[in-house]
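Written out below as structure tokens is the structure these notes cover.
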There are 2 protein chains.
Amino acid sequence: MYALGTHLLVELRECSAKILSNLKEIQDVLISAAKVADATIVEVSFHEFSPFGISGMVVIAESHLSIHTWPEYKYAAVDIFTCGNVLKPEKAVAYLIEKFQSKNPSVVELKRGILSPMNKKLPHKINEKELKNESQRSAFSTNQGFY
Amino acid sequence: MYALGTHLLVELRECSAKILSNLKEIQDVLISAAKVADATIVEVSFHEFSPFGISGMVVIAESHLSIHTWPEYKYAAVDIFTCGNVLKPEKAVAYLIEKFQSKNPSVVELKRGILSPMNKKLPHKINEKELKNESQRSAFSTNQGFY
């Protein structure tokens, strides 16, 4: 099926508690994972919480990578959301499993924005002029309370 | 089942193309959605891409909210990842559907980090001293190449 985005839900169980507690190391691994997937990094944001647990986001031009770690359970939840057909998110998954030393990982691949089931190509992508007209219609409709 | 995180996959179809093209409006709506869910906002990051499409992240103390918009398809993919039992992510979903005027939304709720199936409580949460010892063991094992 044609979809706008590919979303990998990565469950990293039985990881190294030491690595999942290391803010710098987690940030380096996520940034490297984005590069391994051939993503274009736009912004990076990582935070450590008390008593332990780290959350991180890598915004990429093709969507995002996110991670939340529970070192006390040796568990990390990673999401890799990409659009287009250029990136290799599966390479990022393999890299993360290795770097976090997960002995029990699992991955679920979801298609996001399935606008054309049954292998039909996606509907015509409207251009900026059409989008502007559509926006004006929407604004008009909103003003008229039709929405 | 007991899980560490609750992840809502929100598919917002048939939205207002005008709103999905407005960086400021999308950022305001996502921030308000986080507040509606009683989340504690830690950091906000929004970017607009050419020719159109906006990506945004709201890092919260309880995990994150993310959005990617395709105004040319009137579609937005939103993720709301929360941990703990205090937040009300479903309130954020209802708020987003209303603000983006989605006429065809859908939501899937996933449990992330299911470490105790069959309604057993989660395993004992180790304390910082135990985590430190575990980390040292991990480091030792790593050095010994046992991992």
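Remarks
- Protection proxy ranking, highest mean first, for peptides A:64-75, B:4-15, B:86-97: A:64-75, B:4-15, B:86-97, where packing is the per-residue count of other beta-carbon atoms within 10 Å, averaged.
- Per-residue mean of foreign Cβ neighbours for B:12-20 is 5 (Cβ atoms of other chains, 10 Å radius).
- Proxy reagent accessibility, fewest Cβ within 10 Å first, across A:40, B:82: A:40, B:82
- Number of partner chain Cβ atoms within 10 Å, mean per residue of B:63-73: 6
- Share of pairwise Cα-Cα distances greater than 18 Å in the stretch A:21-73 is 28 percent (whole percent).
- Inter-chain Cβ neighbour count for B:74-87, averaged per residue, equals 3 (cutoff 10 Å, partner chain atoms only).
- Segment residue A:104-residue A:1, extension gain: residue separation times 0.36 nm, minus the distance between their alpha carbons: 34.1 nm
- Enclosed volume per residue, in Å³, of the convex hull spanned by Cα atoms of the stretch A:1-92: 87 Å³
Every read-out reported here was derived from the displayed coordinates using simple, explicitly stated rules and does not represent laboratory data. This one's a predicted model, so the numbers in the text were calculated from it and none came from an experiment. We place every Cβ from the backbone using ideal geometry, glycine too, and count neighbours over all the protein chains shown.
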